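The values are calculated or read from the model by the stated rules, or taken from the named source; none is laboratory data. Everything numeric in this text was worked out from a predicted model, so none of it was measured. Virtual Cβ from ideal backbone geometry, glycine too; neighbours counted across all protein chains shown. Note: areas computed on protein heavy atoms with side chains; ligands, DNA, RNA excluded. Shrake-Rupley method; radii C 1.70, N 1.55, O 1.52, S 1.80 Å.
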Amino acid sequence: MRRWPLVGRQTEFDAIRTAITGGGGTCGVVLSGDAGVGKTTLAREVTSTLEGVRWVAGTESARSVPLGAFAHVVGNTSARDPVTFIAAARAALISHGPPVIGVDDAHLLDQLSATLLHQLVIDRAAHVVATVRSGEAVPDAVVSLWKDGYLTRLDLLPFTKPQCVALVESVLGGHLEGLTADLIWDASGGNALYLHHLVDGALDAGTLRNHDGVWQLRGRVGVTEELAALLDSRLDRLPDPVLHALQLLTLCEPLDLDLLEDLAGAEAVEHAEQEGLVRVVENDAAGADLSALSVRFHHPLFGEAVRRRVGRAASRRLRGDLVAALREREVSTAADRIRLAELAVESDRKGDPTLLTAAANDAIALADLSLSERFARSALSSGGGVPAADILVRALIWQGAVEEVERTLSAFDPADLDHLQLVRWGMNRAAHLLWSVGDADGADEVVAMLRERITEPALMQLVDGIASACEMHENRLADAIASAQRVFAAPRGLPGAIEWACFGGARALAVSGRGDEVPDVVARMHAVAAKCDGLLRFPAALGEIQALAYTGAIEAARRRAQEYFVFSSTGQYLAWALANTLVGTVEVASGRFDVAVPVLEQALAAFPEKAAATWSLAAKILLVQAYSAIGRVDDADAVLTEARGRLGRHVAVFGPGMDLAGAWVAAARGTTKQAIEDALAAADAAAASGQLAVEAEALHSACRFGARDTGHAAARLADLAGRVDGVLVRAQAAHAAAVAAGDGAALDAAAAEFERIGALLSAADAAAQAATAHERADERRATVESAATANRLAAFCGGARTPALRANAAPLPLTAREREIANLVAAGLSNRQIADRLVVSVRTVEGHLYRMCLKLDISDREELAALIRGE
């Protein structure tokens, strides 16, 4: 049995305890709230800390019995007179002094019980904690107690989303995925009882599971048998026509009011609304008639309870009735098609492959892979041919289903396809080979075949689009940009071509340092987004977010990244992971590692395990840098090792960035010489392929790590400042020049500029280096001020610990090599391990340790380690 603790109600807990112990000037409290909100749980939690508590409960069955709630208190008596009856009950209750009386469901008390309660309170003969359900008629004797100030009324509201998350995480003993938290919050409405049973039901059904320390919901929410029984008690009292209306609604929610009334009868729908089971609301579907009304369940779990009562045969028949009724109406929007397709695939009606294919395309446009795959499979089995197979393969590629993609594509002979079918088949084949199989040569061969065989200009747009994405991933940036520009130059761009060209072109432009050109490219994508693959907009958006970050528009990048968070289904898990990668990109650029780390960890947990594809590489590289910056070196090294295992020509674009991530790991280990060499090597690799923005970032990192030959790096950055778009590279060049000159004032200015831009970790490093420069110049006031700035900014970065910040935090009289060895000693490495790491002799390490002990007036390496660690 899982224990559900009291979470997030401490304020209410304290208020109740104060009221019933006489500290608030009243004789107790009345808790009011919806059913399941947690009134009784909270009241009993409070009274469990007190002595002499007597609990009674109002019930429907005892409501007609005089003093029914207190009958067990009175015991056997021959009295029939109400006055005598109440007197006997009162005497029994207060025989051992003023009691604390708990009354559950006080709105169900019979009149005599309510009168007894009223007398006890106004005579201050007892303290009371009572619960009443919102919206129910409450006996006047009870109402007067809070109206006249004898009892405090406390309205207990549903849990807020943070309270829900805290409660569920305390039960699960781990972190809840953000998408899952949203869905559980929506399904429970913050109702404590529903939340409890929803989570237990999902755990029992196996749809809520732990993946790499993150709890994820993958499938429908469920209800426990216990909750089902509670909900069934309400449903059992309903007439058959009302149940019929609810059965139709649970299979197709929401339903237009007039349609549900046609199928189930207006009286049945009105009865369901009066019972509080459904609500009639304005139609909010996109493209819908706003004057129309639709019907929804008052709470999602009512629908789940009704669904459990509908057998498979009845469900197929009812779905068929709904399909027939909906086909009589205009089906013009994506929502209409998806709703009709959902009903059709499990109804007793024959599937329409045209409808199912269109709905599958709509679902993938909404980034719902599970739904798209389901519709596409049904369409293919119903004779949908190449169009259905096209969408099915797209959905499977995203999920990394390599073998099934291969089987589906192999079922078609390219020689038998017309040119449009061939392009669609070839695009999927190239995408599969590149991102699922990792075969860049094979993908290039497919693209070359398409270029050779396709002659229609419109279809060539599609070929250029997929080519751009392939070329970008292969780090052929000039080719990727050229292919994308041919698509954009077409007088009538095809949406499918534009989305692929944005995917390849935007990313290629961003890393090339041409970030100012990216907004116009992405605008083309947004203009056709409704007609595109809903997943592709996320990797295309990564180019947009990277461009904004590289140009120094960090706050704009943050706003844009947040705009991609609109999810309502577990089928959108991959889009959710990609959206988190966008946020992680911004927060790492900003240095907000307290935000970046959990976001990226959750993103990686949500990516499909079996995908040999590359969708997670960007997040892995970002997480390596984030872990390194906050000192989680082993975690960073583990992620980096796994990511490097996926490198190849098919993802060559990530090579320089991964090299730079390795430099950050070396810096975190304290091997600053290695970190600088790795950063400069990453800069060389980026320069060789035209990744000028990445080259600038790598050169700047080398300067931040403390490169001795900063003049060379500063000169290269000064040159890049004239070729790379944005203010960030100019700030990086100014910072490098200040480091080379050892100019404390210029370093202070660089820190201020980075902070203005929003690059907080760069600002912290510049301030730390300024403090060191001021100290060398014996400028004590400036040293203290710069050091304070560095510490403040480091705190904003989640307690980052870069080489510059470590030097500022412990300004010891050590050379760079001595500090490097000291850091490795503090990390627990032996002299032999340090010698191997630095490629020097053990005697050299021992000599450095001897001189450090003399400088610092310490006796051995243990004291040195403690000093470096700040112990």
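Quick rundown of the values:
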{"read-out": "Under the Karplus curve 6.51 cos²θ - 1.76 cosθ + 1.60, θ = phi - 60°, whole-Hz ³J(HN,Hα) for the range 156-170, x wherever Gly or Pro sits", "value": "8, 8, x, 4, 6, 4, x, 5, 4, 4, 4, 5, 5, 5, 5"}
{"read-out": "Additional length obtainable on full extension of the chain from HIS712 to SER332, 0.36 nm per residue less Cα span", "value": "130.5 nm"}
{"read-out": "Accessible area of PHE567 in the full protein assembly, 1.4 Å probe (Å², nearest 10)", "value": "30"}
{"read-out": "Check: the chain dipole with +1 on Lys, Arg Cβ and -1 on Asp, Glu Cβ, in debye", "value": "1360"}
{"read-out": "Ratio Rg/Rh, restricted to the range 706-756 and using Cα atoms, in which Rh is the Kirkwood radius", "value": "0.96"}
{"read-out": "Protection proxy ranking, peptides 455-464, 125-134, average beta carbon neighbours within 10 Å, highest first", "value": "125-134, 455-464"}
{"read-out": "Charge dipole (debye, nearest 20) of the range 307-380; +1 at Cβ of Lys and Arg, -1 at Cβ of Asp and Glu", "value": "500"}
{"read-out": "The chain: angle of helix 633-644 to the longest principal axis, Cα-based, in degrees nearest 10", "value": "70"}
{"read-out": "Beta bridges per DSSP with both ends in the chain, % antiparallel, nearest 5", "value": "35"}
{"read-out": "Residue-wise HN-Hα coupling along the range 789-802, computed from phi with Karplus coefficients 6.51, -1.76, 1.60 (Hz; x: Gly, Pro)", "value": "4, 4, 5, 4, 5, 4, 5, 5, 8, x, x, 4, 9, 8"}
{"read-out": "Rough spin-label spacing in nm, given labels placed 7 Å along Cα→Cβ, for ALA741 and ARG209", "value": "6.0"}
{"read-out": "Residue among LEU231, CYS252, GLY219 farthest towards the positive dipole end of the range 192-272, charges placed on Cβ", "value": "GLY219"}
{"read-out": "Estimated inter-spin distance, GLU267 and ASP240, nm [label 7 Å along Cα→Cβ]", "value": "1.4"}
{"read-out": "Built amide H within the under 5 Å cut-off of VAL29, gap 5+", "value": "VAL128, VAL129, ALA130, THR152"}
{"read-out": "Label-zone membership for the range 33-55, site ARG308, 7 angstrom Cα→C-beta point, backbone N under 17 Å", "value": "36"}
{"read-out": "Chain lengthening between SER170 and THR18 when straightened (0.36 nm per residue, less Cα-Cα)", "value": "52.1 nm"}
{"read-out": "Two-site FRET efficiency, ALA91 against PHE565, from Cβ-Cβ distance with R₀ of 51 Å, rounded to 0.05", "value": "0.20"}
{"read-out": "Two-decimal log10 I(q)/I(0) for the range 502-615, as the Debye equation yields it once each C-alpha is a single scatterer, q = 0.09, 0.12, 0.15, 0.19 Å⁻¹", "value": "-0.22, -0.40, -0.63, -1.01"}
{"read-out": "Partner lysines for LYS350 [C-alpha distance under 30 Å; skip if fewer than 8 residues away on the same chain]", "value": "LYS531"}
{"read-out": "Student exercise, the range 627-747 dipole from Lys, Arg, Asp, Glu Cβ charges, in Debye to nearest 20", "value": "40"}
{"read-out": "Sequence-distant residues sharing a close amide H with LEU255 (under 5 Å, placed H)", "value": "VAL295"}
{"read-out": "Acute angle (nearest 10 degrees) that the helix 495-511 long axis makes with the longest principal axis of the chain, alpha-carbon atoms", "value": "60"}
{"read-out": "Relative frequency of Cα-Cα separations exceeding 21 Å in the range 125-246, percent", "value": "55"}
{"read-out": "In nm, spacing of pseudo-spin labels at ALA489 and ASP416 (7 Å Cα→C-beta vector)", "value": "3.8"}
{"read-out": "Reach of LYS39 by Cα under 19 Å, taken over aspartates and glutamates that are not fewer than 8 positions away in the same chain", "value": "GLU12, ASP14, GLU60, ASP104, ASP105, GLU136, ASP155, GLU226"}
{"read-out": "Highest-first arrangement of 795-807, 315-327, where packing means the average Cβ count within 10 Å", "value": "795-807, 315-327"}
{"read-out": "Cα Rg over Rh - the chain, Kirkwood", "value": "1.07"}
{"read-out": "Dipole of the chain, positive direction: furthest Cα of VAL840, LEU109, PRO162, with charges on the beta-carbon", "value": "VAL840"}
{"read-out": "Helix axis angle, 111-122 relative to the chain longest principal axis, alpha carbon, degrees", "value": "70"}
{"read-out": "For ALA57, distant residues with modelled amide H under 5 Å away", "value": "ASP104"}
{"read-out": "Spatial separation of Cα centroids for the range 539-553 and the range 709-728, in angstrom", "value": "20"}
{"read-out": "Under 12 Å from LYS673, Cα to Cα: aspartates and glutamates that are on another chain or at least 8 residues apart", "value": "ASP709, GLU818, GLU820"}
{"read-out": "For peptides 97-109, 390-402, sequence by mean Cβ density within 10 Å, most packed first", "value": "390-402, 97-109"}
{"read-out": "14 Å cut-off, amide nitrogen to a point 7 angstrom out along ASP148 Cα→Cβ, residues in the range 93-116", "value": "114-116"}
